[in-house]
Amino acid sequence: MRTLPAATALAVLFSSAALAVGTVAPAAADSSRSIAVSDPSDTVVDAGHQRLFISDPGNSKIVVTTYAGVVVTQLTGLPQVRDLELSPDGTTLYAAVSGADKIVAIDTETRTQTAEYPTGANTDPSRLALAGGKLWFAYGDQWDSGLGAVDLTAETPTVTLDLSGGHDYASPPRLYADPDNPGTLVALDAGISSGPVIVYDVSSGTPVIRVSADKGGFPNDAALTPDGTHLVVAGNNSRALTEYRLSDLEQTRTFPVADEPMGVDIAPDGTVAATIFDFDDAGDTYVFTKGADQPASVRDLHPSVLWNDNGVVWAPDGQKLFALTSSSGATTFHVVDEPRKYTNRITVSAPATATRAKALTVKGTLTSNLALPAGTPLTVTRTDMESPKGKSLGTKSLGADGKFSFQDTPPSGGKVTYKVTYAGDAEHTAASASTKVEVSRAGAALSLDKNRKTYAYGADVKFTAHLGKTYKNRKVEIWADPYGPDRPNKLVKSGTVNSKGDLSATVDLKRDTKISVKFAGDSRYRARTVTNTVYTKVAISSSISGHYKTRTVWGQKYHYVRKSKDPVLKTSMTYYKDRKQRLQLQFHYDGAWHDAGSEYFPLGTSGKSHVTLTGTPTTDIRFRFRSEYHDTTSGDNVNTTTYGAWKYFIFTK
């Protein structure tokens, strides 16, 4: 990953300085967002337009984003596009389109293609660098790789291959150049275990090897220092970034990291930033704010092992750091807003449970690669039910070993949160951490009347809840949850109990119902819910048709039916989907009623069921029937078992 050269970046900065009028806004927090890139290959930063260009060879496109990672547009139709390079004036973006054997030029203002330079069949150009008025490119595959150039100074730009100066490349080399050292081109033969570094003199237009040396195989990335005189290599199987002097390729410094370095970039002021493999997930992004001999500032941008060698890239003014991380085809764009500040990590702990109004101890540590002195102030807040917005507990001092400890007596029960914050300073970022303690609360007495009572269909029943002693909260809620999935649990009444601790609400009962009273709790008494169940009958009415008269005999109203007539036994019952009524028939004999059979019959959507009695009945025998609803066996369980009234009839000649 590379940026607009320092000289151009400064020109852009000075030309826009007049816009920076008024109060400087504070830096925003570091941020991350997903972007539509599956496998980022290279990234460059265009300071003039405040844009980043990200190549995505797997999807044959270049994604253009803002400094915040918001995608502005996508340049498509670029098969296997790989390396990107900005012109010194920032107006043209060059892209190596490996899958089409060409290099294309794109206007950074309009983001349209302005030229293309075919490199020859099966050349697969993959790496780019601008030096000495030429666009140098690496091409080929494995031992068929080489170095070529596009002469941009010619009236008609020409492409020349086989410019390796006698070196036999094992893979397309990684190329690096810097405007402050215009006659120098650096190539890394990254596809072989010896890992040769080749420094070319290109001032004549023809590359001549100035110096070369084997430096260890398969480097992942490299970057030139701002003056173009040194190269920092992120080598494979190493736990350090290694800096070499280009004049003789002697090692001059190492920047230690915790794992294999994956990507590297250097800010205009010489600050080195790198990403590492991060197998232990202890931090993946290193910024060497104070040079190679002092600890780096370490951030953990990626939640798992960082594989991506696309690395990091500085904003041209060196005030922001951009990084791309990829995992399983998903790419995340990260912005570090204060990259030179050392990050801090606070850990804080307290007992998982505690007793209200008794002292407990909170302790923790504040660690940083740039240690903070003893006495550093930490602010503490306690958030609980009494202080939901937080209550300041003042400042606590950091100990000499980076540890802190303090006692507190929580006045409130429930979940209590202690938050410890370090405000940060000129060299350290702010940091905070919190811990939660479950503090005991007493149980409140709560009751509800009429449990397991049975009521007629449509009865308006008053339920009374009683709340015992509490601290501040005297409100309760009464809820009604009718049986059946089609009726929701519904709040009937919410309010403050009276001086006796009572609150009443009336419920219109049409189904079996769970009646609940809820107390939300307060800072000294825990929440509680009491649930009762009351049962509700269905509405049933029955009648007979087909009779020729009625008469009150044997203490009941009898319907007289000719034996030649088929009477209809009619039932009306509260409707519910798939509900059936049970019809019970009895006859009277020898002074007692005897079972004559029963059967379930479905109800229509109006709740009606008509059953016709057929056959040749015996005359002068008393009969009776009733309609019944039976919980569950009638097809549902939303009401309690209900028996209708008996209806009497007798057959005559």
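The values are calculated or read from the model by the stated rules, or taken from the named source; none is laboratory data. Keep in mind the model is a prediction, meaning the values are calculated, not measured. FYI the Cβ positions are ideal-geometry reconstructions off the backbone, even for glycines, and counts take in every protein chain you see.
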Quiz item: Consider T506 against the criteria (1) out of contact with any Ser or Thr (no Cβ under 9 Å at 6 or more places or on another chain); (2) closer than 29 Å to V638 by Cβ; (3) touching a residue at least 24 places away in the same chain (Cβ under 8 Å); (4) not in a strand (DSSP E or B): it satisfies all of them except one. Which criterion is unmet?
Solution: (4)
Exercise. Tell me, please, whether a residue that is buried (at least 19 other Cβ atoms within 10 Å of the Cβ), closer than 16 Å to K396 by Cα and modelled with pLDDT of 95 or more can be found in the range 363-372.
Key: yes
Self-check item: Residue among D269, D293 that is closer than 25 Å to T43 by Cα, among the charged types (D, E, K, R) and out of contact with any Phe, Trp or Tyr (no Cβ under 6 Å at 6 or more places or on another chain)
Solution: D269
Practice problem: Please work out which residue is nearest to A131 (Cα to Cα), limiting yourself to the range 65-101 and to residues that are aliphatic (A, V, I, L, M) and either in contact with a Leu (Cβ under 7 Å, 6 or more places away or on another chain) or not assigned by TED's automatic domain parsing to the domain that holds A223 (or both). | Solution: L86
Self-check item: Identity of the residue in the range 540-589, of a type in the set (F, W, Y) and not in a strand (DSSP E or B), that ends up surrounded by the most Cβ atoms within 10 Å (Cβ to Cβ)
Solution: Y576
Quiz prompt | Candidates R174, R127, R82 - the one that is in contact with a Ser or Thr (Cβ under 8 Å, 6 or more places away or on another chain) and touching a residue at least 24 places away in the same chain (Cβ under 8 Å) | solution = R82
Quiz item: Is one or more of the residues making up the range 165-181 in contact with a His (Cβ under 9 Å, 6 or more places away or on another chain) and modelled with pLDDT of 95 or more?
Solution: yes
Exercise. Working only within the range 338-363, note down all residues that are within 11 Å of F404 (Cα to Cα) and over 28 Å from the mean Cα position of the chain (by Cα).
Key: T361, V362, K363
Quiz item: Given the range 363-464, what strands (runs of 3 or more DSSP E) lie entirely inside it while holding 3 or more residues that are small (G, A, S)?
Solution: 391-397, 431-439
Quiz item: Which one of the conditions (1) closer than 30 Å to T513 by Cα; (2) part of a loop (DSSP other than H, G, I, E, B) does E599 fail to meet, given that it meets all the rest?
Solution: (2)
Self-check item: Output for the range 245-279, where each listed residue is surrounded by fewer than 22 Cβ atoms within 10 Å (Cβ to Cβ) and in a strand (DSSP E or B)
Solution: R245, Q251, T252, R253, T254, F255, P256
Quiz item: T156 passes all but one of (1) assigned to a loop (DSSP other than H, G, I, E, B); (2) more than 22 Å from Y139 (Cβ to Cβ); which number fails?
Solution: (2)
Exercise. Name every residue in the range 195-224 that is under 50 Å from the mean Cα position of the chain (by Cα), in a loop (DSSP other than H, G, I, E, B), polar (S, T, N, Q) and surrounded by fewer than 20 Cβ atoms within 10 Å (Cβ to Cβ), in order of residue number.
Key: none
Practice problem: Report, ordered by the first and then the second residue, all pairs with beta carbons closer than 8 Å, sequence separation of six or more or different chains, a first member in the range 547-575 that is over 15 Å from Y648 (Cα atoms), and a second member that is among the aliphatic types (A, V, I, L, M) and part of a strand (DSSP E or B). | Solution: S572/I540; M573/I540; T574/I540
Quiz prompt | Flag if T123 is in a loop (DSSP other than H, G, I, E, B), among the β-branched types (V, I, T) and within 30 Å of S34 (Cβ to Cβ) | solution = no
Quiz item: Within the group G216, G195, G191, which residue is more than 18 Å from A129 (Cα to Cα) and in contact with a Lys or Arg (Cβ under 6 Å, 6 or more places away or on another chain)?
Solution: G195
Self-check item: When residues of the range 393-418 are limited to those that are surrounded by 19 or more Cβ atoms within 10 Å (Cβ to Cβ) and under 32 Å from the mean Cα position of the chain (by Cα), the one nearest to R528 (Cα to Cα)
Solution: G414
Exercise. Pick out the one residue from T355, T347 that is farther than 16 Å from A433 by Cβ, surrounded by fewer than 20 Cβ atoms within 10 Å (Cβ to Cβ) and β-branched (V, I, T).
Key: T355
